[in-house]
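Inspection log for the structure reproduced underneath, given as structure tokens.
The values are calculated or read from the model by the stated rules, or taken from the named source; none is laboratory data. Computed from a predicted structure; not experimentally measured. Every residue, glycine as well, gets a Cβ built from its backbone with ideal geometry; the counts of neighbours run over all protein chains shown.
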Amino acid sequence: MSSLVIEDVSDRDGVIVVRARTAAGLVTCPRCGSLTGQVHGYYGRTVADVPADGRPVVVRVRGRRMRCPCLDCPVQTFREQVPGLLDRYQRRTVRLAGQAGEVVRR
């Protein structure tokens, strides 16, 4: 979770809830490769993570929707990705998906 800033950790009814946001800084446009720091808005994602101490863990991430500075780019806005932690469209972290894959292979 090094690319995230942890804002809060709480225990709600036996579930560990981690609230985090993406760190400020420049992001590369996935289409044209231009660097941008222009924030267009924000979005939220809730994903499951590896259990801790036998309790489920949920990570609530607040990400940024960025604006591409290149006028010729077909992508006007895009969601900032969290590499190594979240894959596109997934509802669980890369760590949890890896563990689930190992269990299925056995």
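A quick yes/no check of all residues on (1) over 15 Å from Leu86 (Cβ atoms); (2) part of a strand (DSSP E or B):
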{"position": "Val5", "(1), (2)": "no, yes"}
{"position": "Val9", "(1), (2)": "yes, yes"}
{"position": "Val18", "(1), (2)": "no, yes"}
{"position": "Ala24", "(1), (2)": "yes, no"}
{"position": "Pro30", "(1), (2)": "no, no"}
{"position": "Gly33", "(1), (2)": "yes, no"}
{"position": "His40", "(1), (2)": "yes, yes"}
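Results for (1) closer than 22 Å to Glu7 by Cα; (2) not charged (D, E, K, R), shown as yes or no for each residue.
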| position | (1), (2) |
| --- | --- |
| Ala20 | yes, yes |
| Ala23 | yes, yes |
| Leu26 | yes, yes |
| Gly33 | no, yes |
| Tyr43 | yes, yes |
| Asp49 | yes, no |
| Gly63 | yes, yes |
| Arg92 | yes, no |
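Could you say whether any residue in the stretch 7-26 is touching a Phe, Trp or Tyr at 6+ places or on another chain (Cβ under 9 Å) and in contact (Cβ under 8 Å) with a residue 24 or more places away in the chain? Yes, that holds for at least one residue. Condition check: modelled with pLDDT of 90 or more, touching a strand residue (DSSP E or B) at 6+ places or on another chain (Cβ under 6 Å) and either surrounded by 12 or more Cβ atoms within 10 Å (Cβ to Cβ) or part of a loop (DSSP other than H, G, I, E, B) (or both). Does Val75 satisfy that? When the stated conditions are applied, Val75 does not pass them.
Answer with yes or no whether Arg64 is in a strand (DSSP E or B) and touching a His at 6+ places or on another chain (Cβ under 9 Å). Answer is yes for this residue.
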